[in-house]
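A quick write-up on the structure given underneath.
Bear in mind these aren't lab numbers, they're just calculated from the coordinates by the rules spelled out. Computed from a predicted model, the values in this text were never measured in an experiment. FYI the Cβ positions are ideal-geometry reconstructions off the backbone, even for glycines, and counts take in every protein chain you see.
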Number of protein chains: 2
Amino acid sequence: MEKTGTEKAAVAPAATGARRPRADRARQVADLLRREILYGGLGTGRLPLEAALAREFGTSRNTVRQALDLLREERLVERCPGIGTTVAAEKYPHGLQRLLGLAETLHEHGRVGNEVRTMGLIEPPAAVARRLGLAAGEQVVYLERLRRLNGLPLSLDLTYLVRDVGEPLFDADLEGNDVFVLLERIAGQPLGTAELTLEAVNADAHTAAVLDAPRGAALLMVERLTHLADGRPVDLEFVRFRGDRLAMRGHLRRDSDDPEEGACP
Amino acid sequence: MEKTGTEKAAVAPAATGARRPRADRARQVADLLRREILYGGLGTGRLPLEAALAREFGTSRNTVRQALDLLREERLVERCPGIGTTVAAEKYPHGLQRLLGLAETLHEHGRVGNEVRTMGLIEPPAAVARRLGLAAGEQVVYLERLRRLNGLPLSLDLTYLVRDVGEPLFDADLEGNDVFVLLERIAGQPLGTAELTLEAVNADAHTAAVLDAPRGAALLMVERLTHLADGRPVDLEFVRFRGDRLAMRGHLRRDSDDPEEGACP
């Protein structure tokens, strides 16, 4: 920890910065730029010149260059000599406030199309049967989809559905609809709650190829168990989102008054 | 999409599986095993033998082996000839239901220790000043911490605090306390809400070194703007969690009755 006791009010950004490795300062600048690129005033075109960014962040051009390199590694920007730095990819916000299907949450951003990779009735492994509350021997519908937004791969979804609500999906338009919307139609009641787990994992070679991403690319992995309004669990999903295409957004309260809070650690 | 129209009821797991690439089946098994390893009945010791896992998942030993390889790539398990597969790392659940500091949410799992890497008063970049609602020229406290759980690196936190609640932290025990708890003491009021964004990113070389993770390791990145109960934004954070050490857990409702839902897309 730096000595900041008496001279703390005099610590100018450059002074604080000069004592720290450039990589630390570059990370700090990259985090602020990432936000600006994704949701801020920079738009989808070209970023300001390095000299202007250096002024804005009170740092050197070398640090700005290193920050832009970090964002290029994340595939958020492209850098071309003579042209400058341009935004490479749009990243979409997936709402964390409500239980929504992909097409529902992204409807402002374009069209979600689903490619069904496989679908069939299977004897579920014990781990699946247990979470869906099924007796031994009860079959489930297994569904695997590659989901695209405006034609670009966004997520790979592995879904286990209890048989009575899953089986009618064999005759439904899965390419153009969220499963959530179809399930509510089939069950004749809305969905209720879902427990979810969010993780960051590296893409294995095969998954990377399916999602058209580099091997090892960071994926946002979501496991979600969804219940009907009457409380019955019907839908267990394992979803891998491309980390460079999607961010989850929501808000939290310090004094949660959610009656179900105790249910999840 | 496979033809499943008439013979769907006869599609046994093996039959469904046999038509699909082994990598797809391995991913499916890996997702179920990941859950079992993290929260399930496998404990922290040795996994069942490959033959037993093959029986449980109704698949071949080769597929099980490939699934275990995927989990080894994620650094969740270790595989030793003659010994078998053992759980390599514990992954901790961070609650998504309530706004909690790290030590608060992980108190059952061990002791959180914070290493202050830098701390000082800085002139904030415009992007920071805007989000914290500050006038031009107002300084903020910048704080950078490496956070460990039971001695192992868990996250790297970059924090911007408005001056009046941030400055007293210079004299506080930051090594042993969450900033959230200290802020509430200083402000004399509880925290209120926070907006957060969750992303998966690859670790750059320098960040990987700080977190003692391989370069490119998947990180769970959290950006969080926290307000006091009176609504004033006071704390803007950029947190990188090691993806192999932490998962976010929570639940969602289909019919959100959250009055603030409209605030976040």
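Using only Cα atoms, locate the centre of segment B:234-251 and the centre of segment B:166-196, then give the distance between them in Å, rounded to an integer.
If you average the Cα positions of each part, the centres end up 18 Å apart.
Exposure proxy check: A:Phe57, B:Phe180, B:Phe241, A:Phe170 ranked by fewest other beta carbons within 10 Å?
Least to most surrounded, the residues fall as A:Phe170, B:Phe180, A:Phe57, B:Phe241.
Does segment B:18-87 classify as rounded, prolate or oblate by the C-alpha gyration tensor (a ≥ b ≥ c root eigenvalues; a/c under 1.5 gives rounded; else a/b over b/c gives prolate, otherwise oblate)?
prolate
Spelling out what I want: for every residue of segment A:177-193, take phi, set θ = phi - 60°, compute 6.51 cos²θ - 1.76 cosθ + 1.60 (Karplus), and round to whole Hz; glycine and proline get x.
Going residue by residue, I get 10, 5, 4, 3, 5, 5, 4, 5, 5, 5, 7, x, 7, x, 6, x, 10 Hz, with x marking Gly and Pro.
Percentage of Cα-Cα pair distances in segment B:24-177 greater than 28 Å, rounded to whole percent?
45
Label A:Ala135 and A:Ala205 with points 7 Å out from Cα along Cα→Cβ: what is the distance between them in nm?
4.6
Which ³J(HN,Hα) values, rounded to whole Hz and listed in residue order, are derived for segment B:203-214 from phi using the Karplus coefficients 6.51, -1.76 and 1.60 in 6.51 cos²θ - 1.76 cosθ + 1.60 with θ = phi - 60°, glycine and proline given as x?
Rounded to whole hertz, the list is 6, 6, 4, 5, 4, 4, 5, 4, 8, 6, 10, x.
Put a label point 7 Å from Cα along the Cβ direction on B:Val116, then list its distances to the equivalent points in the other copies in nm, shortest first.
The projected label point of B:Val116 is separated from its counterparts by 6.0 nm.
Suppose each label sits 7 Å from its Cα in the direction of the beta carbon; what would the A:Asp212-A:Asp171 distance come out to in nanometres?
In this crude spin-label approximation the distance works out to 3.4 nm.
Convex hull volume of the Cα atoms in the protein assembly as shown, per residue, in Å³?
Cα-based convex hull of the protein assembly as shown, divided per residue, equals 149 Å³.
How many nm is it between the label spots at B:Asp230 and A:Ile83, if each spot is 7 Å from the Cα in line with the beta carbon?
5.1
Tell me which residues come under 5 Å, amide H to amide H, from A:Leu106 once H is placed; ignore anything under 5 positions away on its chain.
Amide H to amide H, under 5 Å and 5 or more residues apart or across chains, A:Leu106 pairs with nothing.
Mind listing the phi-derived Karplus ³J(HN,Hα) values for segment B:136-149, rounded to whole Hz, using 6.51, -1.76 and 1.60 with θ = phi - 60°, and x for any glycine or proline?
4, x, 6, 7, 10, 8, 9, 9, 10, 10, 9, 10, 10, 10
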